[in-house]
């Protein structure tokens, strides 16, 4: 199995969430995916900045979705 990280950014003030964003490539384990979820969430919060996060009450949620390896498409370059 592989794992797809999906992040969702929400504003508690506006009571709205942006569409979920799929983060590629796939991760080899749930641990790797979850760790990346926390790191990406922290990075987004830092990118938004303290003022915007506080003013808009921004939150980042994530989930790791199992992907069967058969569903993973491998692309090959051919001439």
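Descriptive notes on the structure:
- For segment 1-37, a residue qualifies if it is part of a strand (DSSP E or B) and touching a helix residue (DSSP H, G or I) at 6+ places or on another chain (Cβ under 7 Å), and the qualifying residues are 2, 3, 5, 7, 9, 11, 23, 27.
- Selection within segment 24-59 - buried (at least 16 other Cβ atoms within 10 Å of the Cβ) and under 30 Å from residue 70 (Cα atoms): 26, 27, 33, 34, 36, 37, 40, 41
- Of all positions in segment 8-19, none carries a residue that is touching a residue at least 40 places away in the same chain (Cβ under 8 Å) and under 24 Å from residue 70 (Cβ atoms).
Any read-out appearing in this document is the output of simple, stated calculations on the displayed coordinates, not a laboratory observation. Keep in mind that what you see is a predicted model, and the values were worked out from it rather than measured. Positions of Cβ are backbone-derived with ideal geometry, glycine not excepted, and every protein chain shown enters the neighbour counts.
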